[in-house]
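The values are calculated or read from the model by the stated rules, or taken from the named source; none is laboratory data. Keep in mind that what you see is a predicted model, and the values were worked out from it rather than measured. All Cβ positions, even for glycine, are placed from backbone atoms using ideal geometry, and neighbour counts span all protein chains on display.
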Amino acid sequence: MQRTTADVPSKGRDRAPWARRVGTVILAIFVICGAAGFLGDSVRTETTEEAGYTLALTYPRVSRSGLDVPWELQISRDQPLPEQVMVAVTGEYFNIFEEQGLDPKPESQAADGEMEYWTFNTAGGNDISISVDHYVEPGAMTGSSGTVALYIDDELVAPIDFTTSMLP
């Protein structure tokens, strides 16, 4: 007796083509999201105004370990700044970073366990830009949050809250 393919029992529909199609669609979505920048690093700028001062903070919103990231605070106002300004920033925020330097160098620095206080000479201009040169520590897997503000008469003026999230 000669056998033909008609004699082979059918196992039902072959699901492999559908699995490949679904896998291809998922991969395409992943590639499109990556190309559009939804899966990579992102930088955000937050701005606030209070008591005649404008603060604008540029910081890493999302990053990965080992990468250089910006942290820059711009302080300005319509009239000249006082000879010195004191900036208060959550010290613990910087624990996920390897700091390379602070520019300009503060005239003085202090800390109280929660906040760091940096005092800068302004040279009488209407604005000052303060930047931290740092990168995310290799192996840092969790993000960090903080607050930055001017510290005037024992009060935080124009505070900005910020959070950096980490991607694997």
Checking Y93, Y59 in turn, the sole residue that is in contact with a Phe, Trp or Tyr (Cβ under 6 Å, 6 or more places away or on another chain), in contact (Cβ under 8 Å) with a residue 24 or more places away in the chain and under 17 Å from A149 (Cα atoms) turns out to be Y59
Only unsatisfied item for I32, checking (1) without any contact (Cβ under 8 Å) to a residue 60 or more places away in the chain; (2) in contact with a Phe, Trp or Tyr (Cβ under 9 Å, 6 or more places away or on another chain); (3) within 23 Å of G143 (Cα to Cα); (4) not polar (S, T, N, Q), is (3)
Condition set of a type outside the set (S, T, Y) and within 14 Å of the chain's Cα centre (by Cα), scope the range 91-132, selection nearest to G52 (Cα to Cα): answer is V132
Log entry, pairs with first residue in the range 111-139 being farther than 21 Å from L81 by Cβ and in contact (Cβ under 8 Å) with a residue 24 or more places away in the chain, second being assigned to a loop (DSSP other than H, G, I, E, B) and not hydroxyl-bearing (S, T, Y), beta carbons closer than 7 Å, six or more apart or on different chains, reads H134/W71; Y135/G66; Y135/L67; V136/G66; V136/L67; P138/G66
Within the range 123-148, the residues that are out of contact with any Ser or Thr (no Cβ under 8 Å at 6 or more places or on another chain) and closer than 22 Å to G101 by Cβ are A123, G125, S129, I130, S131, V132, D133, H134, Y135
Looking for something of a type in the set (D, E) and either at pLDDT below 90 or out of contact with any Phe, Trp or Tyr (no Cβ under 9 Å at 6 or more places or on another chain) (or both) - is there at least one such residue anywhere in the range 69-76? no
Check on E99, modelled with pLDDT of 90 or more and of a type outside the set (K, R)
no
Of the residues in the range 134-146, those that are in a strand (DSSP E or B) and crowded, with 16+ Cβ neighbours inside 10 Å come to H134, Y135, V136, S144, G146
Is it true that some residue in the range 100-115 is crowded, with 17+ Cβ neighbours inside 10 Å, assigned to a strand (DSSP E or B) and not charged (D, E, K, R)?
-> yes
